[in-house]
Amino acid sequence: MKVVISEKKEETEMADKIRIPIFDGKEYECWKQRIMMILKLNKCQDVVTRERTEKEDEWDAKDLKAINVIYSGISNDQLQFIKDKETAYEIVKKFDELYLTESTALQICIRNKLEKLRLKDFEESSVFFTEFEKLVNELKSAGANVIQKEKLSYMIKMLPSSLNYVGDLIDVLKELDQTVEYVKKKIKMVEIKEKEEGRKNSASAFKMERKHDKTCFKCGKYGHFKAQCTSTRSNGNSWKPRNGALQQGDGRPTTTTLAATWRPRSWSRLESII
């Protein structure tokens, strides 16, 4: 008996901790699926799938629990559509009529969005996959029967020209292997490879930049420091100006430098030369 009570307590605590998603009029099918799982956890899912029959114990308690779960998961705007409904079954039925009704116009609108969707417009393939699946689910909710080949056709059209070979690979596969998941896997592999190459190129560019930051104060060249310099000037062949005069980058004195540093050894010798 204690074990049963403990299990019920754990189930209640788990149900209380689950965060109910808020439905605001978008992606109703996904929201309904989550709500149904929460109702199932609370053992009251049957009250939203059928109307009450005679002599069913605890029906009112289950119905009240289901209504509270649904109310906790909808926005104020959605509440306006169902506030006059008295049972959980009537609430869900109303939402089904609003958001699951087949619509040819809606199907056309969603198909146009799928036609315009392109992988190159997304920085991450995962975001592209999510948007693609979202539109396909919306198309199904509008009453369209979307088979695997149609999904695959849409996906291949969305690829950039650099991935045209994926379509050729699909043609040689067995029919069972010709799936959207196969294309997703190929796209993901290409994305990972490009990111790795991008990191290598970035690292190489950084190293090159750091290399050019090194300036030798001996020969004036880039790429190394004075202690690493292999210039022959280290053997005494380089010109060294007096009084710390500056040199050009190639080690030769400038005209200005010569004028500033040259001094006669004796004025008498200068006179004799003149």
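None of the figures in this text is laboratory data; all of them are computed from the coordinates on show. Computed from a predicted structure; not experimentally measured. Ideal geometry is used to build each Cβ from the backbone, glycine not excepted, and the neighbour counts take in all protein chains shown.
Taking the Cα of residue 148, stepping 7 Å toward and past its beta carbon, and measuring to each backbone N in segment 170-190: which are under 15 Å?
Taking a point 7 Å out along Cα→Cβ of residue 148, the residues of segment 170-190 whose backbone N falls under 15 Å are 170-185.
Highest first, please rank the peptides 63-73, 90-100, 113-123 by the mean number of other Cβ atoms sitting within 10 Å of their residues.
Working: 63-73: 18.3, 90-100: 16.2, 113-123: 13.4.
Packing order, densest peptide first, comes out as 63-73, 90-100, 113-123.
Amide H neighbours of residue 74 under 5 Å, counting only residues 5+ apart in sequence or on other chains, H built in-plane at 1.01 Å?
Here 23 satisfy the definition.
Taking 0.36 nm per residue of sequence separation and subtracting the Cα-Cα distance, how much length would be gained by fully extending the chain between residue 51 and residue 116, in nm to one decimal?
19.1 nm
Strictly over 28 Å apart at the Cα level, which of 149/185; 140/174; 157/193; 113/188; 116/200; 157/188 would you flag in this model?
On the way: 149/185 17 Å; 140/174 26 Å; 157/193 22 Å; 113/188 23 Å; 116/200 34 Å; 157/188 17 Å.
Table pairs above 28 Å Cα-Cα are 116/200.
Points 7 angstrom from Cα along the Cβ direction at residue 36 and residue 18: gap in nanometres?
1.3
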